[in-house]
Amino acid sequence: MNAVVQRVTQSTVLVDGETIGSIEKGVLVLLGVSKTDSEKEAAYLAGKIANLRIFEDDDGKMNRSLLDINGSILVVSQFTLLGDCRKGRRPSFISAAPPEQARELYEYFIRQCKHEGLDTQTGRFQAMMQVSLVNDGPVTLILESPESLTAINDDSP
């Protein structure tokens with residue numbers, strides 16, 4: 001499971017011109033689900049994002065988490081994060097989860113974010129969306145679940 005996490009001062013998702021999700025201070029998460037992912041990876045990423053210290057404290061150091069600042073999270077599914085562009089000119093999405101599995105894990109991830117105590121907004125699964133954001137910093141991180149990291153890191157225990 002892959003997530004692009006962007007610290008934002010605001011972010012909004014539109015579908016057919018209608019706002020379906022909007023947050024102020026917090027994070028926008030673009031979430032990609034692979035066919036090897038399970039609830040374990042979704043729970044790991046939700047906990048990691050909730051507690052990731054990427055917000056400034058009184059001394060200007062990134063020392064506060066989303067939970068510490070009572071920030072919000074906007075979760076948008078994005079299967080293109082699984083696009084493999086190593087060969088040719090067209091991305092291959094062979095490692096992306098099929099829609100049924102991806103929807104289930106996307107929704108599970110959202111439930112886990114809420115369980116972590118996060119004010120959670122979402123995009124719409126499999127919809128064409130327009131996502132806007134004001135990246136704060138900018139701070140943008142790419143997170144992968146441990147299973148994803150193990151698969152690509154030959155030195156993993």
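Every number in this text was worked out from the coordinates using simple rules, so none of it is lab data. The structure presented is a predicted model; accordingly, all values stated were derived computationally and were not measured. Methodologically, a virtual Cβ is constructed for each residue, glycine included, from the backbone with ideal geometry; neighbour enumeration extends over all protein chains shown.
Remark on V139: its backbone amide H falls under 5 Å from those of R7, a criterion applied only to residues 5 or more positions apart or on other chains, H modelled at 1.01 Å from N.
Secondary structure note: in the chain, about 75% of the DSSP beta bridges are antiparallel.
Each helix, a run of at least 4 DSSP H residues, gives -39500 (n - 2.57); summed and divided by the residues of the chain, these come to -7500 deg cm²/dmol at 222 nm. A simple packing score, the average count of other Cβ atoms within 10 Å per residue, orders the peptides 77-89, 5-17 as 5-17, 77-89, with the highest score first. Between N51 and Q126, the FRET efficiency from the beta-carbon distance, with R0 = 30 Å, is close to 0.55.
For Cα extents along the principal axes in Å, one of (i) 78, 36, 23; (ii) 41, 36, 33; (iii) 45, 45, 31 was computed from the structure I shared and the rest are decoys. Which label? Correct label, based on the coordinates given: (iii). Extension gain, I94-T19: 0.36 nm per intervening residue step, less the Cα-Cα distance, totals 23.9 nm.
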